[in-house]
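Taking it in order: structure first as structure tokens, then the write-up.
What follows draws every value from the coordinates through simple rules; no lab data is involved. Note that this is a predicted model, so its numbers are computed, not measured. Backbone-built Cβ (ideal geometry, glycine too); neighbour counts: all protein chains shown.
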Protein chains: 2
Amino acid sequence: MKKAVILLSGGLDSTTVLAMARDAGFDIMALTIFYGQRNHVELQASKRIVKFFDVAEHKILELDLRLMGGSALTDDIAVPTHDLSLANAVPSTYVPARNTIMLSLALGFAEVSDADDIFFGANIHDYSGYPDCRPNYISAFETMANLATKRASEGRAVRIHAPLVNLSKAEIIKTGLALQVPYELTHSCYAPVEDLACGTCSACFYRKKGFEEAMTKDPTRYA
Amino acid sequence: MKKAVILLSGGLDSTTVLAMARDAGFDIMALTIFYGQRNHVELQASKRIVKFFDVAEHKILELDLRLMGGSALTDDIAVPTHDLSLANAVPSTYVPARNTIMLSLALGFAEVSDADDIFFGANIHDYSGYPDCRPNYISAFETMANLATKRASEGRAVRIHAPLVNLSKAEIIKTGLALQVPYELTHSCYAPVEDLACGTCSACFYRKKGFEEAMTKDPTRYA
């Protein structure tokens, strides 16, 4: 069975990606990177999801990006509550070089595990301002990755998959529901109140809107 | 003063790079990544070097790559004692995706710090089998990095410098000595005995050979 490394945050998008990779016949190796983000409730969500899907391997890597700062997700910058898609600017929830750091760790994990495929939940729709979610970035990362590793120098190429990149949140949810994704186990909120979603941050905004547009019940527990 | 992020391990190469960037007029921000490598004596060396050069900012990030394994530097694989340059194969001291992970962290640090330049000590001479030290890899990383960040999307490009890439160890040492690099404070050994160099691992081999070929006294304290 061919293996794939999945960057699993425990959120709606990455959980859908896991289900898609599984449906495509991959043996799943989940990688969760706990980077000191505020929403550590995600970490618990990632564990529930791995258990639900009976994933054999789940690595949790700790990397304290709070040292670096510069983001509302790791720093004392307020989490935005408004509709980010209205602005073209990069939102304050952008974590400097986050996807590059996460994909690099996934690349190392893929090499060690003899996996040719890496999946992650990048999406350009809701967060149009995130540079590291765009197709040209993903393609440049793949090119670099194929020059970076021992595996690649031996001719075994790595592929970076971002199957959600052009989907709307509603399309992501419909895709996931068709694959029996248990969205009640996922967590998206940037500013949870204990383990409940705040309902007002930008992550909650898009999640709510997604369920509405998918015309399905939102299973999220709000504070 | 223009800022530069320097990946500083505390070894001979990265210390020389720091001195070169300083000499080129950069305000230095040192980044040391402690990835659970055996030679944690390097971490102490990095602190001595930062002190010697009176570097204002030194970030130490911990990232436990032992979880990942797959290398003699992080795993229970024997550190090689022979001359690696005789073989074309990637040596067991190769750490999966190491330079990609380190450069990604440097990229995040550069973005937060408003730095356009990143320096690291990649070198193709001694370790010809390391894919992530080659010029085409470095150039592909730079291309990717310029699509990855908010800074780049605002037109402020980042440059990845590997000034040692084509130098022999003797040339590196001569360059450093001309810049008053205190090599006695640096640490290269993969398998130190307390804080003394083993004298037999591949890192010691190339270091010794470098001082011989540079026709200068080797200040390393061997066990």
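Below are the figures for this structure:
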quantity: Within a Gaussian network of chain B (alpha carbon springs, distance under 10 Å), most fluctuating of B:I172, B:I101, B:I124; calculated: B:I101
quantity: Per-selection Kirkwood Rh - the protein assembly as shown (Cα, Å, 1 d.p.); calculated: 22.7 Å
quantity: Antiparallel %, DSSP beta bridges [both residues in the protein assembly as shown], to 5; calculated: 10 percent
quantity: Under 16 Å from A:K2, Cα to Cα: aspartates and glutamates that are on another chain or at least 8 residues apart; calculated: A:D23, A:D27, A:E57, A:E111, A:D114, A:D116, A:D117
quantity: Ratio Rg/Rh [Cα only; Rh per Kirkwood] for chain A; calculated: 0.94
quantity: Under-5 Å amide H pairs with B:L196, H placed in peptide plane, nonlocal only; calculated: none
quantity: Inter-chain shielding of A:61-68 (mean C-beta neighbours from other protein chains, 10 Å cut-off); calculated: 5
quantity: Lys/Arg +1, Asp/Glu -1 at C-beta; the protein assembly as shown dipole; positive extreme among B:S9, A:A191, A:I172; calculated: A:I172
quantity: The range A:1-70-the range A:201-223 distance, computed between alpha-carbon centres (Å); calculated: 21 Å
quantity: Cα-centre dipole for the protein assembly as shown with unit charges at Cβ (Lys and Arg positive, Asp and Glu negative), debye to 20; calculated: 120 debye
quantity: Point-charge dipole on Cβ atoms (K/R +1, D/E -1) for the range B:110-207, about Cα centre, debye to 20; calculated: 260 debye
quantity: Protection proxy ranking, peptides B:104-117, B:46-59, A:187-200, average beta carbon neighbours within 10 Å, highest first; calculated: B:104-117, A:187-200, B:46-59
quantity: Inter-chain Cβ neighbour average for residues A:102-113, partner chain, 10 Å; calculated: 6
quantity: Set of lysines near B:K3 by C-alpha distance (under 23 Å), chain-local residues within fewer than 8 positions excluded; calculated: B:K47, B:K51, B:K59, B:K150
quantity: Chain B, dipole about Cα centre (Lys/Arg Cβ +1, Asp/Glu Cβ -1), debye to the nearest 20; calculated: 180 debye
